[in-house]
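Let me begin by presenting the structure, written as structure tokens, before commenting on it.
What follows draws every value from the coordinates through simple rules; no lab data is involved. Source: prediction; values computed, not measured.
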Amino acid sequence: MAKHAVYSIGRSRDADIQLSDSTISRNHAELVITAAGKYYLIDCASSGGTFVVKGNEKTAIKQAFVSQTDNLSFGEFHTSLQHGRGNNLTYLEEKPVLVPTELTERSRLSIGETQLLFIPLCGEGFDWQDVSAYKSNGEV
């Protein structure tokens, strides 16, 4: 049987899924992916609340199974669970990427078994000599 996974959701820099919104608590919620592949959402006594939204109905939850078709609200931040198929989630520095995220130089991405190193080839201060340094260090 496969292992389960637990992802923390909140404003904290330590959160696995970071949401930058003033209505999000630092430690807002946890998303558990069970060994059977089901999603279980737990509100961590957040001040803004955790909700499942179906149509015009917004239901506060403390703990509940949710699905990829459910729309979710953490405080006033609205989102849904859409990570694609299979186990090929995208990770940035070993944390899942579930919202648009800005990359910084030398960010490490993982997609399935593929490992990527982000090297910007444009922008302020770009120099082709820097690319040579990456090659000599064995990074590319």
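Points to keep in mind about this one:
- Straight-line reach from Lys62: taking Cα to Cα under 18 Å and skipping same-chain neighbours fewer than 8 places apart, the aspartates and glutamates in range are Glu30, Asp43, Asp70, Glu76.
- Extension gain, Ile61 to Thr79, is 5.0 nm, computed as 0.36 nm per intervening residue step minus the present C-alpha separation.
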